[in-house]
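Take a look at the structure below.
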Amino acid sequence: MRVIVRYHEIALKGRHRPFFAQKLADNLRKATSDLPGIGVRPMAGRIALTASDGVPWADLRPRIESVFGVANFSRVREVPHDVEAAKQAAIAAARERPVTSFRITTRRSWKLFPWDSIQLDREIGDAVRKATGLPVDLDEPDLTLFVEVLKDRILVSSERLRGPGGVPVGVSGRVLALLSGGIDSPVAAARLMRRGCTVHLVSFHAFPLQDRTMLDKAKALARELTRRQFRTRLFLVPFGPVQQTIVASCPAPLRVVLYRRFMLRIAEQIAARCSAKALVTGESLGQVASQTLDNILTIGEAIRLPVLRPLIGMDKDEITAEAQRLGTFEISTLPDQDCCQLFVPRGPATASALDEVHRAEGALDIPSLVSEALASCEIEHLAFPAVLSHAL
Ligand code: ATP
Ligand code: MG
C-alpha cells in the first residue's frame, strides 16, 4: 500500500521547510514503528509512506491521523508518466466502492507534462465513464478521483482524508503541562503539541488522603496523549502534605489560590529539570471561581516562568468537542477524587489580593514545602508504540 501525506506548505515556511518536513517524516516513522514493512520518504512538497500489503488500513489510518503536521493524506495508485496507465488506475479506483457519479480533479505539480489539467480531466474522465457507465457530475460528485502529476510519476486516488493539521511535534522545544483528571488540561497539552512542542506532564494528587482515581486517570490521559508525541515524561507529585499545611495555617477562602501557587512553584522546578521553557494549564477565563483575571494574576505571580493558557478564550462545549476528537473525553469524565476539592470551602476567593496572599504565605516555609514535594515526586516514562519502551 502506498500513502501520500501532505502538509500545509504555508504552515511550514521558508528556510525551515526541509527541517519541518524531515521532522514530520520522522514522526510518521515513529507513529508506525510497530507495523511491518513501513517506509517513509520525503518527496517534493509531500511525504510518501509505503506499507506491506498485510497491514490493514484500519490499523495504519489512525496512526497517520494522530501525527501533527499532517494536513491530509490519501492511499494512492502510482503509475509512470503514461496517460493510458493513469486511465487504468482511475478506472480501478472508481470500482473500489459502489458510487452514483464521479469527477476527475487533476493537479499538475510538474508543469512540463505535455498535457494540461483540463485535457487530463477530460481524457481520463471519458475513459472512466466508458468503462464504468458512471455519469460525470462536476458539482456534486459522489466520488472525486484525484490525479496528481509529479515530476516522475502520476498518482491517482479516490480519497483525501483530513489530518490533524498543526506542525510536527519536536520543532518548537519543550513545555510542561499541568495535567489534572479533567476535560480541559489534556486538550491544552495537545494544543501545544499541535504547535510543535514536546509536552511533558505533571499531575498533583492527594493519595493516600484520597483514593487513586485521580492518579489512574492522569496515567490513562498521559498514555492517550503519548500517541501524538511518542515519548512523555509524567511527573506524579503527592500534594496532600502541602494542602494539609496550607489548611492548618492559612485563611480558608484563600486555599484554592494557595494550592495553585504551590502547584506552579513545584512545576517550575520540574520544568527546569526537563528543560521546559513554559508551563501550560487548561484554564479558560470565567469558567470556574478560581479562573478570574484577578486569580490568574495572583497565581501567576508565584513564579517567573511563562504560563501558557491555550484554552483561555474557549467555551466549555468547544473544549469538550476537542476532547472528543482527541480521544481523551471518555477518560476525563470517569469519576475521580480531585485533590483541588480537598478541604475547599464553599465560597473560594474570586478576587484574591496579592498582599493578603503574601501575608498568608508568610506563615509557611515555602522552600521546604516545595523541596519535600519534589523529593517524593515519581516519574513515569511513557512510549508509543508501547513496544518502544524496551529501547528507552
Ligand atoms: P481541568 O478540566 O483541566 O481539570 P478545570 O476546569 O477543572 O480544568 P481548575 O480545576 O481550575 O479547572 O484547574 C485549572 C488548571 O489547573 C487545570 O486545567 C490544570 O492545568 C491545572 N490543575 C488543576 N488541578 C491539577 C492537578 N491536580 N494536577 C495538575 N494540574 C492541575
Ligand atoms: Mg479540574
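A few notes on this one:
- Pairs meeting the criteria (first residue in segment 358-370 and over 17 Å from GLY300 (Cα atoms), second residue surrounded by 17 or more Cβ atoms within 10 Å (Cβ to Cβ) and of a type outside the set (A, V, I, L, M, F, W, C), beta carbons under 8 Å, at least 6 apart or on different chains) are LEU364/THR245; LEU369/THR245.
- Residue in segment 336-346 that is β-branched (Val, Ile, Thr), open to solvent by 30 Å² or more (accessible area, probe 1.4 Å) and over 28 Å from the mean Cα position of the chain (by Cα) present: yes
- Residues of segment 264-286 that are at positive phi and within 14 Å of ligand 1 (Cβ to nearest atom): GLY286 alone.
- Qualifying positions in segment 294-306 - aliphatic (A, V, I, L, M) and more than 16 Å from ligand 2 (Cβ to nearest atom): LEU297, ALA302, ILE303, LEU305
- Condition met for VAL175 (at pLDDT 95 or above, in a strand (DSSP E or B) and more than 10 Å from ligand 1 (Cβ to nearest atom)): yes
For (1) at pLDDT below 95; (2) acidic (Asp, Glu); (3) out of contact with any Phe, Trp or Tyr (no Cβ under 7 Å at 6 or more places or on another chain); (4) open to solvent by 40 Å² or more (accessible area, probe 1.4 Å), each residue gets a yes or a no:
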residue: GLY133; (1), (2), (3), (4): no, no, yes, yes
residue: ASP152; (1), (2), (3), (4): yes, yes, yes, yes
residue: LEU161; (1), (2), (3), (4): no, no, no, no
residue: ARG194; (1), (2), (3), (4): no, no, no, yes
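- When residues in segment 192-203 are screened for being in contact (Cβ under 8 Å) with a residue 40 or more places away in the chain, more than 12 Å from ligand 1 (Cβ to nearest atom) and not in a strand (DSSP E or B), 3 of them pass.
- Considering residues of segment 331-372 that are of a type in the set (D, E, K, R) and modelled with pLDDT of 75 or more only, the residue nearest to ligand 1 (Cβ to nearest atom): ASP338
- Positions within segment 265-286 being without any contact (Cβ under 8 Å) to a residue 60 or more places away in the chain and either within 16 Å of ligand 2 (Cβ to nearest atom) or touching a helix residue (DSSP H, G or I) at 6+ places or on another chain (Cβ under 6 Å) (or both), in sequence order: LEU285, GLY286
- Single residue of segment 149-166 satisfying the filter (assigned to a loop (DSSP other than H, G, I, E, B) and among the basic types (Lys, Arg)) that is nearest to ligand 1 (Cβ to nearest atom): ARG160
- SER157 under 32 Å from the mean Cα position of the chain (by Cα), surrounded by 14 or more Cβ atoms within 10 Å (Cβ to Cβ) and under 19 Å from ARG2 (Cα atoms): yes
- Residues that are more than 16 Å from ligand 2 (Cβ to nearest atom) and within 9 Å of the chain's Cα centre (by Cα), drawn from segment 162-189: PRO164, GLY166, VAL169
- GLN291 meets each of the listed conditions (1) among the polar types (S, T, N, Q); (2) touching a residue at least 24 places away in the same chain (Cβ under 8 Å); (3) within 15 Å of ligand 2 (Cβ to nearest atom) apart from (2).
- For the criterion of being out of contact with any His (no Cβ under 7 Å at 6 or more places or on another chain), part of a helix (DSSP H, G or I) and either among the acidic types (Asp, Glu) or farther than 26 Å from LEU221 by Cβ (or both), ASP336 fails.
- Answer from LEU236, LEU264, LEU279 - the residue that is closer than 23 Å to LEU215 by Cα and buried (at least 23 other Cβ atoms within 10 Å of the Cβ): LEU279
- Filter pass, VAL169 being assigned to a loop (DSSP other than H, G, I, E, B) and crowded, with 23+ Cβ neighbours inside 10 Å: yes
- Test: ARG174 is of a type in the set (Lys, Arg) and farther than 25 Å from ILE296 by Cβ: no
- Selection from segment 287-327 of residues that are within 11 Å of ligand 1 (Cβ to nearest atom) and among the small types (Gly, Ala, Ser): ALA289, SER290, ALA323
- Once segment 209-233 is narrowed to residues that are closer than 23 Å to ARG174 by Cβ and of a type in the set (D, E, K, R), the residue that is most open to solvent (accessible area, probe 1.4 Å) is ARG223.
- Flag for LEU382 being within 26 Å of the chain's Cα centre (by Cα), within 11 Å of ligand 1 (Cβ to nearest atom) and not in a helix (DSSP H, G or I): no
The values are calculated or read from the model by the stated rules, or taken from the named source; none is laboratory data. Because the structure is predicted, anything quoted here is derived from the model rather than measured. A quick note on method: Cβ atoms are made from the backbone with ideal geometry, for glycine too, and the neighbour counts reach across all protein chains shown. With ligands, DNA and RNA removed, areas are computed over all heavy atoms of the protein, side chains included. Shrake-Rupley method; radii C 1.70, N 1.55, O 1.52, S 1.80 Å.
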